[in-house]
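Student: This is the structure I have questions about; it appears just below.
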Amino acid sequence: MNIPSGERTVADVMSAPVVTAQPAETVAVAAQRMHDARVGSVVVIDHDDRAIGILTERDMIHLAAAGSDASTAKVSEWMTPDPDTIASTVGAAAAFANLAEHHYRHIPVVDNNKLVGIVSMRDLMRVAMIQPADAQAHEIPKGLEGVVVADTTVGDVRGLEGFYHYRQYSAVDLAKTRPIEDVWQLMFTGKLPATTAEREAFAADIRPRRVLPNAVAAVLPAIAGAGETFVPLDALRTALSQYGAALGFRASHDIDHAELYDNAMSTCAVVPTLICALWRIRQGLDPVAPRDDLAYAANYLYMMHGEVPTPEYAAAVEKYLISTIDHGFNASTFTARVITSTGADLAAAVVGAIGALSGPLHGGAPSRALQMLDEIGTADRAEPWLRAAVERGDRLMGFGHRVYKTDDPRSLMLRDVADGLGGDKMELARHIEATAVRVLDELKPGRRLYTNVEFYAGIVMDRCGIPRELFTPTFAASRVIGWCTHVLEQAADNRLIRPSAQYVGPPPPQPVPPIGA
Ligand SMILES: CC(C)(COP(=O)(O)OP(=O)(O)OC[C@H]1O[C@@H](n2cnc3c(N)ncnc32)[C@H](O)[C@@H]1OP(=O)(O)O)[C@@H](O)C(=O)NCCC(=O)NCCS
């Protein structure tokens, strides 16, 4: 590589000797060494001093966020194995470009297989004078993984344990034992109903709010009919904007808790009605009005098909709905909180959250997981199909999770539910799950990829007669309760959420060039 004369090389700016760790040491020991040496990473070396991994502050954040114990976790479990390295002779600018491109913050410097130093983004920025080093106030991982951005009493996810909870109760236990209105009450008020009278009072508050206001019903045909392809979640998003306007929702900044709570109750109650009405209208069918004598999920399926479902299907869908009400600071929940932090009205927060949910990396996957099942078709095709997909770099839909590094408890529960319902897809699904987990373990070692909620959610919804295009809207029908709970919490103790970004483009100010001929 040609280095302009006078330009400094990695050797000039790297730190040496390097703070190192052994793979078998505990993370706590390595962290103490990092702390004592005031460095942001340790290079993990083997007995021949070869760099076999790197453990960074970011990994510590991951570990803490996953609720893991640093005093027992091994460095080898949390390090990034086989890190990219750089030679000491490389120019600082090229090294900077390398780090920036790969989003590395530290890179070991290796000459002739021997670790000779470590260079950080901060070191390179300082010499390349690209950005003052003090502009990087913190080491914030891309995607904000593990970064704590708020205090919450709504619930949490413990990724390594495979456990999540609403308030102080296991969400899975709630799904197995309570109707959704009880859980909704827990979310909104902080308390489960203790008596049937308390349960009934809350459910009675919900029922009338399920009915569509005329100003909204009137515009649904236009919304449902727009576009060549019908995307129900987009239609729901549009209808909810109209709903907020029709009910006169005001800026959360200007209203008290009681009014915001009232907006939240109405919005959560009306979402299932809107989903079913829009879907039916698009098919040339009349919307079906909600029925007060039916339980929550039974009424949802009834508004969808105009027939009362079997108790098994209604119970299965209700469990699914409860299990997806909330799940930590996922993208859509965070979106709802960011919007609320500006003082905007509740409909704005929910509409924004729906936008975030619509992406396949978040809520848009269950129908894709089922599509994968269809494409695989038979058990004997699973292994070659899955292997080829992962080797191509495709993501297997319904697998992997930002927080869970073990079985997703929602997936385990829904697998049981799906088992109970039976059906032709179930056997194939279990075979595909087992094969995919094995293939991913082999081809993506150490990434800990298992089924997520979406895999069996698709199977359950399919079995209960929910059409694929309504899978993600059905997810929204329960998650809206979680979003609104977070809106209420954010508004109750608000501070505008306004982070910063680190500028990494060409150094400003450059002269503005004149226009060419
Ligand atoms: C959910 C998801 C976005 C979380 O991703 P993330 O935390 O950003 O994980 P990363 O992108 O850091 O992935 C880590 C590694 O695992 C791999 N990986 C993650 N999920 C994978 C999947 N479903 N199939 C194959 N490989 C996967 C990545 O390719 C990456 O490998 P690399 O280290 O070789 O680059 C991701 O697992 C995914 O795309 N899953 C499929 C979509 C899905 O099921 N969405 C519903 C979520 S509830």
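Student: Looking at 234, 292, can you tell me which residue is on the phi < 0 side of the Ramachandran plot, touching a residue at least 12 places away in the same chain (Cβ under 8 Å), assigned to a helix (DSSP H, G or I) and acidic (Asp, Glu)?
Tutor: After applying the criteria, what remains is 234.
Student: Take the range 391-417 and flag every residue that is part of a helix (DSSP H, G or I) and surrounded by fewer than 19 Cβ atoms within 10 Å (Cβ to Cβ).
Tutor: 391, 392, 412, 416
Student: Consider only pairs whose beta carbons are under 8 Å apart and that are at least six residues apart or on different chains; among these, list those whose first residue lies in the range 403-431 and is farther than 24 Å from residue 362 by Cα and whose second residue is hydroxyl-bearing (Ser, Thr, Tyr) and surrounded by 15 or more Cβ atoms within 10 Å (Cβ to Cβ).
Tutor: 421/313
Student: What are the residues in the range 375-390 that are surrounded by fewer than 22 Cβ atoms within 10 Å (Cβ to Cβ) and either within 14 Å of the ligand (Cβ to nearest atom) or not in a helix (DSSP H, G or I) (or both), if any?
Tutor: 377, 378, 385, 387, 388, 389, 390
Student: Kindly indicate whether residue 460 is closer than 26 Å to residue 164 by Cα, within 14 Å of the ligand (Cβ to nearest atom), surrounded by 17 or more Cβ atoms within 10 Å (Cβ to Cβ) and under 23 Å from the mean Cα position of the chain (by Cα).
Tutor: The answer is no for residue 460.
Student: Go over the candidates 320, 313 one by one and state the one that is in a helix (DSSP H, G or I), more than 23 Å from residue 243 (Cα to Cα) and within 16 Å of the ligand (Cβ to nearest atom).
Tutor: From the options 320, 313, the qualifying one is 320.
Student: Considering (1) surrounded by 20 or more Cβ atoms within 10 Å (Cβ to Cβ); (2) within 15 Å of the ligand (Cβ to nearest atom), say which one residue 473 fails and leave the rest.
Tutor: (2)
Student: Under 8 Å between Cβ atoms, at least 6 apart or on separate chains: pull out the pairs that start in the range 194-218 with a residue that is among the aromatic types (Phe, Trp, Tyr) and end on any residue that is part of a helix (DSSP H, G or I).
Tutor: Note: pairs meeting the criteria are 202/181; 202/182; 202/184; 202/185.
Student: Now for a separate question. Among the residues of the range 423-449, count how many are more than 9 Å from residue 398 (Cβ to Cβ) and within 10 Å of the ligand (Cβ to nearest atom).
Tutor: The total comes to 9.
None of the figures in this text is laboratory data; all of them are computed from the coordinates on show. This is a predicted model, so every value here is computed, not measured. Neighbour counts run over all protein chains shown; Cβ positions are idealised from the backbone, glycine included.
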